[in-house]
Every structure is written in C-alpha cells, then in structure tokens.
C-alpha cells in the first residue's frame, strides 16, 4: 500500500489505485500526524497479533482493535514537502524516511533492509506474487502507479 499526506489530509492507496482510507482510520490518523506538509510513502500493511505474528484476517476485517492491531511497515519515501525523491538512492530515501518516522506511533514502523543482501518483498506480497505466478527473480517489480504525480 501507499499513503499520501497533503497538509493533514491522508489517502491510503492500494497498488491498483483504490482509495482505502476509510477502511484504516487509525493508520490514516497516524500518517496525518507526521511532521511534514506533504509526503508519499510506500509500505506493507500487516495485522500483528500480540505475540508478534502477522494475521491476514485482521486486514480482511479492517479492524484496528481487538485481538491484534494493524501496522503499516514503511520501506520507501518517494516525495517529501514538495521534493521528488525518486531519483535519490534508496539508502538516502530510507534515511529520510527513518527521520520522518522518528517519534511516530507504533502503528507506523520503519522497515529497514540489509545492505549487501537482496531485499525480499514482505511476506504478504510474496504470497500475492505466488498467487499471480510472479517469480522471486522478478522482484522488485518496477511499476509506477498511475496516481503518482510527475514533475
């Protein structure tokens, strides 16, 4: 999923461009509190049980309360306060993302990667890829969402 912050207003978007902000109000509220006028972040929404395991049914039920909680694991920052960051190296974008998330609620978590190791997609995305017959060697998928503004 991706999220767009624009002067306190938030849109949570699926990879296909569906707006799911109303399905995840607690995540939208957390994003609206980030210290930026505008930002565009990329990540993976997961349901996390109290023991740390992920649970897909939490996302399906679109609940932020109950047995577990929803966590938006963020791994890329594409735009920040009017600046297009996509031409920057991923390591620099991730550094800026980590700074942006400093002090953010637990529902927004920075997702780091290991330098020198191939970055694997999140487990949920790997499962979806298998369902669509996308092989591991095709990761990362280089798809530019139609709803991302171009400079």
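The values are calculated or read from the model by the stated rules, or taken from the named source; none is laboratory data. Just so it is clear, the structure is predicted and the values come from calculations on it, not from any experiment. Every residue, glycine as well, gets a Cβ built from its backbone with ideal geometry; the counts of neighbours run over all protein chains shown.
Every residue in the range 12-24 that is closer than 23 Å to residue 69 by Cβ and more than 12 Å from the chain's Cα centre (by Cα), please. Scanning the range 12-24 gives 18, 19, 20, 21, 22, 23, 24.
So, in the range 25-44, how many residues would count as being touching a residue at least 60 places away in the same chain (Cβ under 8 Å) and either under 12 Å from the mean Cα position of the chain (by Cα) or over 12 Å from residue 71 (Cα atoms) (or both)? Talk me through it step by step, then tell me what you get.
Start the filter on the range 25-44 by keeping residues that are touching a residue at least 60 places away in the same chain (Cβ under 8 Å), which leaves 26-27, 30-31, 33-36, 39-40, 43-44.
Those left that are additionally either under 12 Å from the mean Cα position of the chain (by Cα) or over 12 Å from residue 71 (Cα atoms) (or both): 27, 31, 33-36, 39-40, 43-44.
Matching residues across the range 25-44 total 10.
Taking the stated definitions as given, is residue 131 in contact with a strand residue (DSSP E or B) (Cβ under 6 Å, 6 or more places away or on another chain) and at pLDDT below 90? Considered against the rule, which asks whether it is in contact with a strand residue (DSSP E or B) (Cβ under 6 Å, 6 or more places away or on another chain) and at pLDDT below 90, residue 131 comes out as no.
Taken over the range 12-45, the criterion of being closer than 16 Å to residue 81 by Cα and touching a helix residue (DSSP H, G or I) at 6+ places or on another chain (Cβ under 8 Å) is satisfied by 34, 35, 36, 39, 41.
Considering the range 1-117, the qualifying helices (runs of 4 or more DSSP H), each wholly inside and each with 2 or more residues that are modelled with pLDDT of 95 or more and surrounded by 17 or more Cβ atoms within 10 Å (Cβ to Cβ), run over 25-32, 90-100.
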